[in-house]
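First the structure, in the form of C-alpha cells, and then the observations on it.
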Amino acid sequence: MSDHTSKPKKKRKLSESSVAYFLIAPSLLLILVIAIWPVIQSFYFSLFDLRLNNPTKSEVHTSHMIDLQRYLDNYFLLEGAIDKELDKADEGNTEALNGVKEDLSKLDSSLLEDEKIKERYEVIDEKLMKFEKIGPKEKLVEVEKDRAEEIQTTLNDIEKKVKGLSDLEDPNTVKGLSSALADSVIKPNFIGFDHYAKNLTDKRMWMSIWNTVVFTVVSVAIELVIGLMIALLINKAFFGRGLVRASILIPWAIPTVVAALMWKFLYDGQNGIVAKIFEEVGLVNRMATLLTTDTGAMFSVIFADVWKTTPYMALLLLAGLQTIPTSMYEAAAIDGANKWNQFFTITLPLLKTSILVALLFRTLDAFRVFDLIFVLTGGGPANSTETISLLAYKVMIAQSNFGEGSALSVVVFLCVAIISMIYISLLGRDLLDDKK
C-alpha cells in the first residue's frame, strides 16, 4: 500500500462579483432585447430615406434594383390601355400611341436579354398569371447602377410621352399606369446622417424640445412639492387614513386617455366647468383662452398632468417616509428641535434616495409625454404644446416619413439618457459609491 494519502481537491469558488453578474445576466439580456435593440433598429432606419407612402422607398435598399412585380403589373395594363386608346384614337394620337407601345416593347426585350432578369421575370410572370403570392424579396432583382439609370431614363421618357398625349378616352388610367411603371426602378435610399443634420437646423424640433422641457420641469416641480405635502399628511396616523390613501390614488389609476378626454370637456370654452371657474376667479380673461392660446394650452396640459400624476409622486415618497424610524423624531423633539428643524435635518436627508427615485421616474415619464397632449390639445395651438414625442409620431405616422421619425426617436432616447446621467451624477452618487 502507498503511504501517500491523496489530498482532497479544493472546490473553486466564484467571486462575489462573478455571482452578481451571473444573477443579473438575465435582466441585462432582457433589457438588451426590449430596450436597447429597438433603439439600435431606430438608429439604423434613421440612416435611410424611408417613406411608407412611396413604393420605391418603403423598404431599406442599399443597391439598385428592379421591382419586377410592379413592372409586369403596370406594363401589361399600360399596353392594354394603349390598345383600347388606339381603337378610338385619331390619326395624330395613333402615331404617338404606337410610338409609346414600340418603346415599351423595346424596353421589355432589352430586359429579357439579361439572363438574371429573364429568369426571375419568367417566374414572376407565371405567378401573376396564376394569382400566386409573391415574396417581397423575390420580386426584386439587383442590377448595376449604369443599367438601372438606363432603364429609368427609358421609363421616364415613356411617362413624358404619355403625359404629352391629348384627347385620350381615359387619360387618367393611361397616365397613372405610366407613372407607376416609372417607379419600377428602385434606387439606394441610404442617406447617412442627413435626417439628423436637417433636424438640428429645424426650428420646429427645437421648439418641441423646449415645450417638452418646460412641461417636464414645471409639472415635475409642482408634483414634487404637492406630492411631498400629501405624503407627509397621509404618513401621520389619523382616523380614516386608509380611505384617504385610497381616494388620493384614484386620479393616478384613471387611464391617461380617459383623463385627457375628461379634462378636454372641463376646459371647453363654452360648457367647461373648470374653464368657467378659472374665468370667475380671474385666472383667465375668458373661458376659451385655456385651449386657444399658447400660454393657456401649456397651463392646461400641465394642470391636468399634475392632477393625474401627483398621487404617484406621493406614493413613492410615502414609501420613503415609512422607512425613517420614529425614534429619530422623538430624540430630536427631546433635544428641543421643532417640526421645521426635524423636517430639514431628518426627513429631507433620509428621504434623499426616495426623492431621487421619484424625480427620476417622473422626469423620464414627463419628458416622454405623448397621450395626454395628443388627446387634450393635439400639440396646438400652432404647435405651442407639441412635444418631441408627439413630433416624432406626426412625422413617422401621419407623414409616413419613417426614416426621419426614427431619427427623432433616437433624439428622444439621447435626451432621456442625458437626463438619467444628470440625475445619477448629481443626486445618486451615494447609490453607486461602493467604497467603504
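The values are calculated or read from the model by the stated rules, or taken from the named source; none is laboratory data. Note that the structure is predicted; figures quoted are calculated from it, not measured. Don't worry about glycine lacking a Cβ; one is built from the backbone with ideal geometry, like all the others, and counts go over all protein chains shown. For accessibility, only protein heavy atoms count, side chains too; no ligands or nucleic acids. Shrake-Rupley method; radii C 1.70, N 1.55, O 1.52, S 1.80 Å.
Stokes-Einstein at 10 °C, 1.306 mPa s, Kirkwood radius from Cα pairs: D for region 40-123 in µm² s⁻¹?
In µm²/s, the coefficient is 101.
Taking only C-alpha pairs under 8 Å that are 6+ residues apart, what is the relative contact order of region 41-189 in percent?
This gives 47 percent for region 41-189.
What relative contact order, as a whole-number percentage, does the chain give when Cα pairs under 8 Å and 6 or more residues apart are counted?
Value for the chain: 21 percent.
Let me check something: with ligands and nucleic acids excluded, how do 154, 345 order by accessible area (1.4 Å probe), largest to smallest?
Sorted by accessible area, descending: 345, 154.
Sort 70-79, 171-180, 332-341 for me by packing, meaning the mean count of neighbouring Cβ atoms within 10 Å per residue, highest on top.
Descending packing order for the listed peptides: 70-79, 171-180, 332-341.
Given a 1.4 angstrom probe, I'd like the percentage of the accessible area of the chain that is carbon and sulfur, rounded to a whole number.
C and S atoms contribute 62 percent here.
Can you figure out the FRET efficiency of residue 110 with residue 190, using R₀ = 22 Å and their beta-carbon distance, to the nearest 0.05?
Working from the Cβ atoms, E equals 0.20.
According to the Kirkwood expression over distinct Cα-Cα pairs, how big is the hydrodynamic radius of region 254-389, in Å?
Every distinct Cα pair counted, the radius reaches 17.3 Å.
Between region 167-193 and region 232-251, how far is it from one alpha carbon centroid to the other, in angstrom?
So the separation of the two Cα centres works out to 66 Å.
Compute the orientation-averaged projected area for region 327-436 from the convex hull of its Cα atoms and round it to one decimal in nm².
Its average projected convex-hull area is 11.1 nm².
Taking the Cα centre of each part, how many Å lie between region 77-123 and region 316-333?
85
Highest mean first, what order results for 196-206, 19-29, 403-413 on Cβ atoms within 10 Å?
Sorting 196-206, 19-29, 403-413 by mean packing, highest first, produces 403-413, 196-206, 19-29.
Rank 122, 102, 16 by mean-square fluctuation in a GNM of the chain with C-alpha springs under 10 angstrom and give only the top-ranked residue.
Judging by the Gaussian network model, the answer is 16.
With Rg and Dmax of the Cα atoms in Å defined as stated, name the option among [x] 33.3, 119; [y] 23.5, 70; [z] 29.7, 103 computed from the structure displayed.
Calculated Rg and Dmax of the Cα atoms in Å: the matching label is [x].
Averaged per residue, what accessible surface does the chain expose to a 1.4 Å probe, in Å²?
For the chain, the per-residue accessible area is 60 Å².
So what is the relative contact order for region 296-403, in percent, with contacts set as C-alpha pairs under 8 Å and at least six apart?
31
For every other residue with a beta carbon closer than 13 angstrom to the beta carbon of residue 149, add +1 if it is Lys or Arg and -1 if Asp or Glu, then tell me the sum.
Summing Lys/Arg as +1 and Asp/Glu as -1 gives -1.
Dipole size in debye (nearest 20) for the chain around its Cα centre, Lys and Arg Cβ +1, Asp and Glu Cβ -1?
Dipole size: approximately 3500 debye.
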